[in-house]
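Below is one structure, written out as structure tokens; the observations come after it.
The values are calculated or read from the model by the stated rules, or taken from the named source; none is laboratory data. Computed from a predicted model, the values in this text were never measured in an experiment. We place every Cβ from the backbone using ideal geometry, glycine too, and count neighbours over all the protein chains shown.
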């Protein structure tokens, strides 16, 4: 009993002790503890940002698909820009600032709706299919 007399009265309060035990359990020991909740909120924010990115991307892809379905000139433009296709009587010169990524061969193909033929990517050095490519055609 002498030991209990040395502890201040406010620390011997049973309500304070039970509240402190509850806080320890909630903050550290529970499967849904405070730190897990923080991690889940961060992950939720990331997923919401990804959802917003992909919904805008889907909307632009749908617009592009509608343009491809309606206008045959758009099909030719798409084949030339995205898949580096050319007509038989043309020469294609692709100039890129970025080198081709390491790996195997890249041969681009597309349904030949615009009478275009695919360009063999192994014949041309330092090509990248990104947006920084300039295209030149000769007839």
Residue that is exposed (fewer than 11 other Cβ atoms within 10 Å of the Cβ), assigned to a loop (DSSP other than H, G, I, E, B) and at pLDDT below 55, where the choices are 131, 113:
131
I need every pair where a residue in segment 1-28 that is within 30 Å of residue 39 (Cβ to Cβ) has its Cβ under 9 Å from the Cβ of a residue that is outside any loop (DSSP other than H, G, I, E, B), sequence separation at least 6 or different chains.
26/34; 27/34; 27/35; 28/34; 28/35
Residues satisfying the stated conditions in segment 12-65, i.e. surrounded by 10 or more Cβ atoms within 10 Å (Cβ to Cβ) and not in a helix (DSSP H, G or I):
12, 13, 30, 33
